[in-house]
Structure formats: C-alpha cells, structure tokens
Amino acid sequence: MDIHFFFSDVSQKSYGAAVYIKVKNHERISVNLMTSKSRVAPLKKISLPRLELLGALVAARLGIETKKVLYRKASSNIFLWSDSKVTLY
C-alpha cells in the first residue's frame, strides 16, 4: 500500500490537500481518495506563494494523521506531490 498526497492548486480564496491510497493486489492496482481538507484563505491579502506553503502544511498534517491510522498496513512508500516550485525549495 502506498500513500500519495496531492497538493491541490491554491487560489486567493482557498487552499487544500487530498490523500490518495494506492493498493496493489495480485497485479491489480486500485487508487482511492482517503481524505481531503480545504481551508478558506484569510481575509487579509496573502501572496500565492504563501498560500502554496499553507497548502503544503495542510497536506503534511493530513499525512501525519493518515500515517497514524495506517501505521500497520502502509508500507514505507509515501509520496508527496506538488505542482508548486515554492513548496519544493
């Protein structure tokens, strides 16, 4: 079982993250959405790079909780995906 975190795109109004689980059984692969979390952006104007980082923070927190729930079933393969260069540096 692999855990894949997908950081969603942000906008000036919201940001969030989703957790997908990929399971491989006897040459068959199944991918399912496990959980997601979204947040409304603060009323105070915040730059898009800062919102990208907030989205990564939400994903990291979801990852910690997901790993706690699946600690015996999940392999050590955890993948963090992002389309933002800001979160990669």
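Coordinate-derived values only; no laboratory data. For clarity, every value in this text was computed on a predicted model and none was experimentally measured. Here Cβ is always computed from backbone atoms with ideal geometry, including for glycine, and neighbour counts include all displayed protein chains.
Which value in nm describes the separation of the simple spin-label points at S36 and K67, placed 7 Å from the Cα toward the beta carbon?
The modelled label-to-label distance comes out at 2.4 nm.
Quick one: which residues, 5 or more positions from A41 or on another chain, have an amide H under 5 Å from its amide H? H modelled 1.01 Å from N in the peptide plane, none for Pro or chain starts.
Distant-sequence amide H within range of A41: S14, Y15.
I'd like the orientation of helix 48-69 relative to the chain: the angle between its Cα long axis and the longest Cα principal axis, in ° from 0 to 90, rounded to 10.
The answer is roughly 30 degrees.
Points 7 angstrom from Cα along the Cβ direction at L48 and V86: gap in nanometres?
Inter-label distance under the simple model: 0.9 nm.
Take the Cα radius of gyration of the chain and divide it by 2.2 N^0.38 Å, with N its residue count; two decimals is plenty.
The value comes to 1.18.
What pairs in K44/K67; K13/K85; K13/K67 have C-alpha atoms more than 31 Å from each other?
The pairs that break the limit, which is 31 Å between Cα atoms, are K44/K67.
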